[in-house]
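The values are calculated or read from the model by the stated rules, or taken from the named source; none is laboratory data. Keep in mind that this is a model prediction, so the values were computed, not measured. Here the Cβ positions follow ideal geometry from the backbone for every residue, glycine too, while neighbour counts run over all protein chains shown.
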Amino acid sequence: MSITEIPKYAPTLDHLRSSLSELVPTLREKAAWSEEHRRIHEDSIEALAEAGIFRLRKPFRYGGVECNTRTLVDVAIELGRADGALAWTVSTYWIASWIVGLFPDEAQDEVFSNPDARVCGAVSPSGTAVPVDGGVVLNGSWHFVSGAWHANWQELATILLRPDAPPQPVIVAVPMSSLEIVDDWYTSGMSASGSVTTVAKEVFVPDTHIIPMEAAIRPNGLSQLNADSPIWRSPTILAGSAATVGILVGMAKAAREAFFARMPGRPIRYTNYEHQAEAPITHVQVGTAVMKTEQAEYHAYHAAALVDAKAASGEPWTMEERARVRADEGWATKLAKEAVDLFASASGGSSIYLHEPIQRIVRDIHAISVHPMFSPDSNTETYGRVLCGLEPNTMFI
């Protein structure tokens, strides 16, 4: 399909919000199946595509939306309410699609020839790329590739080996049909994300589908047609952080809904409280959990507002601003996880049955919180270092 043949449909944000409110119950119905089968249900993927969710971080010219970060937080919260692992998978598609927007326009023409194409990603360098005529030959394996089962393309980081130059980290875009999937995703949390291993064996990648790692991290993309778009002005790690942080808020809201759905008529065993709703301890627990959820939501939107403001103005980022976005993400994670734990501890022993959604929310949010990008302690430390006048101890900022 040529660019001129690509459907021009793109969801309006109002239509998107309306669709999401209708989608949440449908997506929830498939959450248990997705966890059991360790991948998102095909019906959920189709429903998300129909709603236009996969177009949010794609260029206008391919039927995309080029939406701002605030909208991604809005959408991620609703998806997190439905299923945290599904929301995580969708957010990785957003990030990887955004990175493809930094590639030469010729590569984008191929990747986005299907406006609902899904791109998964792996940004930790692995494997090798060896130059040949017109491109490189790729070999290696990449782990934790969320959403690989339903992806059309993968952007992945690797090491370019040239005889006359030092090794160079690069990012390449490869069709999933050229890769093998190793079904090794057996985990205690985030099972439905299908974060498997992918393998490349003697895969040819043309020069147009390769960019230096530093071009993606700054960013300093090679796309001429996206060069003036605000959404591609943000540092990659900050664009990714702000796009995903809403997931945790949505999961805390889902835990609240699950708790209050179970509460009517429940006693507190081994006490005289025949109705949990009458117990002062319940009042303290739910009041604290709701306040923590709202505080997490503040940090999610604060990060998004800063990313969007800098993107719109085009002004250079200060190191303190960069570190603050990471800190916001860490604190949103910390507070949302604490809120979920409070709702879960107040839900009683019967909440650990597999048919109860709150036990899955607990396991999923604990799995997300150990991801290095979300770590509250590491992100707060980085922010504190910068506030104290020191250089950050990470390149991911």
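Observations on the model:
- For region 331-353, the tally of residues that are over 21 Å from Val290 (Cβ atoms) and either hydroxyl-bearing (Ser, Thr, Tyr) or at pLDDT 95 or above (or both) stands at 2.
- No other residue among Val136, Val119, Val145 is among the β-branched types (Val, Ile, Thr), surrounded by 17 or more Cβ atoms within 10 Å (Cβ to Cβ) and in contact with a helix residue (DSSP H, G or I) (Cβ under 6 Å, 6 or more places away or on another chain) apart from Val119.
- Assessment of region 28-42 against the conditions (out of contact with any Ser or Thr (no Cβ under 9 Å at 6 or more places or on another chain) and either in a loop (DSSP other than H, G, I, E, B) or farther than 29 Å from Val182 by Cα (or both)) yields no matching residue.
- Looking across Ser97, Ser126, one residue alone is in contact with an Asp or Glu (Cβ under 9 Å, 6 or more places away or on another chain) and touching a residue at least 24 places away in the same chain (Cβ under 8 Å). It is Ser97.
- Residues of region 376-397 that are surrounded by 15 or more Cβ atoms within 10 Å (Cβ to Cβ), modelled with pLDDT of 95 or more and aliphatic (A, V, I, L, M): Val386 alone.
- Lone unmet requirement of (1) among the polar types (S, T, N, Q); (2) surrounded by fewer than 23 Cβ atoms within 10 Å (Cβ to Cβ); (3) in the same structural domain as Val145 (by TED's automatic domain parsing) for Ser193: (2)
- One residue alone among Ala309, Ala300, Ala305, Ala336 is in contact (Cβ under 8 Å) with a residue 60 or more places away in the chain, closer than 30 Å to Pro235 by Cα and surrounded by fewer than 22 Cβ atoms within 10 Å (Cβ to Cβ), and that residue is Ala305.
- Criterion (within 13 Å of Trp149 (Cα to Cα), under 19 Å from the mean Cα position of the chain (by Cα) and either among the hydroxyl-bearing types (Ser, Thr, Tyr) or not in a strand (DSSP E or B) (or both)) met by exactly one of Thr198, Thr187: Thr198
- Residue count, region 66-118 (criterion: of a type outside the set (A, V, I, L, M) and under 17 Å from Val307 (Cα atoms)): 10
- Of the helices (runs of 4 or more DSSP H) contained entirely in region 286-397, those carrying at least 1 residues that are in contact with an Asp or Glu (Cβ under 9 Å, 6 or more places away or on another chain), closer than 25 Å to Met213 by Cβ and in the same structural domain as Tyr273 (by TED's automatic domain parsing) fall at 319-345, 376-387.
- Condition met for Ala192 (in contact with a Leu (Cβ under 7 Å, 6 or more places away or on another chain), small (Gly, Ala, Ser) and closer than 22 Å to Thr244 by Cα): yes
- Of residues in region 324-375 being in contact with a Leu (Cβ under 7 Å, 6 or more places away or on another chain) and aliphatic (A, V, I, L, M), the one farthest from Phe259 (Cα to Cα): Val325
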